[in-house]
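Where a number appears in this text, it was derived from the coordinates with a stated rule and is not lab data. Quick caveat: nothing in here was measured; it's all calculated off a predicted structure. Neighbour counts run over all protein chains shown; Cβ positions are idealised from the backbone, glycine included.
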Amino acid sequence: MTSALSGVSWNDVFNFADYAQLLPLVRNTLIAGAVLGVVGGVVGVLVITRDLPFAVHGISEISFAGASGALLFGASVVAGSFAGSLVAALLLGVLGFRARDRNAVIGVIMPFSLGLGILFLSLYDGRAANKFGLLTGQIVAIDDTSLVTLVVTAVGVLGVLAVIWRPLMFASVDPDVASARGVPVRVLGPLFMLLLGCTVAVSIQVVGALLILALLCTPAAAALKVTASPLWVVLLSAAFACTSMVGGILVALGTSIPISPYVTTISFLIYLACRAVAALRPAPARLVAA
């Protein structure tokens, strides 16, 4: 049997001959990747601390449905992605305060949203790259308007987090004690879900809906393997996420493969390296609120 890859040469996949000429074309994407790395790394620490990776996946699927619906009906894909993410965040924030309830809600809504998104894409008769890009990301998807939207959203998310970080981290690490001490746990939960929804919405433009966990979960999980310092966890998580995003974009520019495989591979290698470091020394203490 002839291999499906027998007719594909490495030159068809990797071609850096015009790399210098192509690099200016992805300036916006590189800026977007760095910004997403920072905000994704910071938000990811809370995602892991609050045990929300499944929620991230659920929000991304609903955001994908909103974006694909907007693509079908000729509306703004960014607006559709935001609408889907915010609807998901509100549903999970209101209906899923307990982890068990939240996971049940996600398990019900996520497959419906994914099916709805696939339906919209199957009805869309435009460029195939637009369909594929919503799932796996696009290297040239960020125009000036999208970049401004992304940066403003990221600054807004980070600004709100800076204000509520201490009580939110306290509520994430030990919600029962935080509630007993007067921290508004039931208000902070839905508020963080809204911030998470905004982060997912702007991230989908670059990394795609299917692989968003590589940005919002893997870097933070890697950082938590090597340190328990609240400050260093955030800094390392943001640095790991930026490395994955910008590195993935730079490598993808010289290939015919979308961004996502490179972003996820770099992120995974960083995680493996952190696990190796953790195995060679005593485990860090449990993360506590600063």
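What residues have an amide H closer than 5 Å to that of T255, excluding those fewer than 5 places away on the same chain, when H is modeled at 1.01 Å from N in the peptide plane?
Amide H neighbours of T255, under 5 Å, 5+ apart: N15.
What ranking of V78, V148 emerges when the number of other C-beta atoms within 10 Å of each C-beta is taken as an exposure proxy, fewest first?
So the ranking, lowest neighbour count to highest, is V148, V78.
Considering the zone a paramagnetic label at D174 would reach in this model (a point 7 Å from Cα along the Cα-to-Cβ line), which residues of region 213-230 have amide N under 16 Å from it?
Answer for this model: 230.
With +1 on the Cβ of every Lys and Arg and -1 on the Cβ of every Asp and Glu, and nothing else charged, how large is the dipole of region 20-279 about its Cα centre, in debye rounded to the nearest 20?
That gives region 20-279 a dipole magnitude of about 380 debye.
Could you tell me the relative contact order of region 20-279? Use alpha-carbon pairs under 8 Å, at least six residues apart, and round to a whole percent.
Working: 420 pairs, mean separation 85.5, N = 260.
Here the relative contact order equals 33 percent.
For region 267-277, in order, what is each residue's ³J(HN,Hα) by Karplus, 6.51 cos²θ - 1.76 cosθ + 1.60 with θ = phi - 60°, in whole Hz (x at glycine and Pro)?
Computed from phi, the couplings for region 267-277 are 4, 5, 5, 4, 4, 4, 4, 5, 5, 5, 4 Hz.
I'd like the Karplus ³J(HN,Hα) series for region 45-60: coefficients 6.51, -1.76, 1.60, θ = phi - 60°, whole numbers in Hz, and an x wherever there's a Gly or Pro.
Values, residue by residue: 4, 6, 4, 5, 4, 8, 6, 10, x, 5, 5, 4, 5, x, 4, 5 Hz.
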